[in-house]
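Asks: Sending over a structure as structure tokens; questions will come in a sec.
What follows draws every value from the coordinates through simple rules; no lab data is involved. Since this is a predicted model, take the numbers as computed values, not measurements. All Cβ positions, glycine included, derive from the backbone under ideal geometry; neighbour counts span all protein chains shown.
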Amino acid sequence: MEQALFTIARQAYREPREAAVSLLSLGVPSTAVWPAFGVIVLISVLIGGISDLFAPPAAGVQVSYFLMCVLLTVVFLSFAVAVWKIGRLFGGNGKFEESLVVGIFFQAVLLPFQVLQLVLAIAVPGLAGIYAIGLLLYGIWMNVNFIDALHGFASFGKSFGVLLLGSFAAAIALLVSVAIFGGSIGGAV
């Protein structure tokens, strides 16, 4: 299965919709989904930690790595739930676990680009900002294709709507989480 995942990951850069269809057809076992989710969260926190070494956050906005894990978990999970539920409301047929698998895969295929962004931020900060905008647009295009495959829409308009509403739901979940854990922000725990 690992070889198939690498092949699908390479395909995702050129043909994201087809890659997502191939990924979903693999039938990733439930026992692999949650550990993969944990690994993606930890890698994201690690990238954030390395970034903090080279460009420390402003005073008063430092977040502990534990809290960063919690917040990223909330964002990733709430986005997966929102994409699943909103997609279903729009007539899609995706399932929660499939939404989570597609979300994990999306984060995984963007990791090399995020590492490059980190290197650029350290070496050529001015170029890193331009690169970040390009990566955002590329990520939106890729995510719309993944959502389209997940729900079988064959409609990028619906898929883009699900992406926007899912992002909004994840942002609300993040704000609520920050309000709950707000006392931990501002100092490392």
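Asks: Whole angstrom only: what separates the Cα centroid of the stretch 157-174 from the Cα centroid of the stretch 72-147?
Replies: Value for the Cα centre distance between the two parts: 12 Å.
Asks: Quote the relative contact order of the stretch 34-182 in percent (integer), defining contacts as alpha-carbon pairs under 8 Å separated by 6+ residues.
Replies: With pairs under 8 Å counted, the relative contact order is 33 percent.
Asks: A further question on this structure: Which distance in nm do the two modelled labels at GLU15 and ALA108 give, with both placed 7 Å along the Cα-to-Cβ direction?
Replies: Here the modelled spin labels are 1.9 nm apart.
Asks: Can I ask one more? Rg and Dmax of the stretch 34-182, using alpha carbons, in Å: what are they?
Replies: Rg and Dmax of the stretch 34-182, Cα atoms, are 16.0, 47 Å.
Asks: Could you work out how much longer the chain between TRP34 and ILE50 gets when fully extended? Use 0.36 nm per residue separation minus the Cα distance between them, nm to one decimal. Show your work: numbers first, answer last.
Replies: Values: separation 16, 0.36 × 16 = 5.76 nm, distance 2.44 nm.
Taking TRP34 through ILE50 to full extension adds about 3.3 nm, to one decimal.
Asks: If you stretched the chain out fully between GLN3 and SER167, how much longer would it get, using 0.36 nm times the residue separation minus the C-alpha to C-alpha distance?
Replies: Details: separation 164, 0.36 × 164 = 59.04 nm, distance 3.12 nm.
Length difference between fully extended and current span is 55.9 nm.
Asks: Moving on. Quick one: order ILE147, ILE43 by neighbouring beta-carbon count within 10 Å, fewest to most. Present the calculation step by step, with values, prior to reporting the outcome.
Replies: On the way: ILE147 31, ILE43 15.
Ordered by Cβ neighbours within 10 Å, fewest first: ILE43, ILE147.
Asks: Any idea what angle helix 30-54 forms with the longest principal axis of the chain, computed on alpha-carbon atoms, 0 to 90 degrees, nearest 10?
Replies: The two axes meet at around 30 degrees.
Asks: Follow-up question, since we're still on this one. How much FRET efficiency would the formula 1/(1 + (r/R0)^6) give for LEU127 and ILE180, where r is the Cβ-Cβ distance and R0 is 30 Å, rounded to 0.05?
Replies: Efficiency, from the Cβ-Cβ distance: 0.20.
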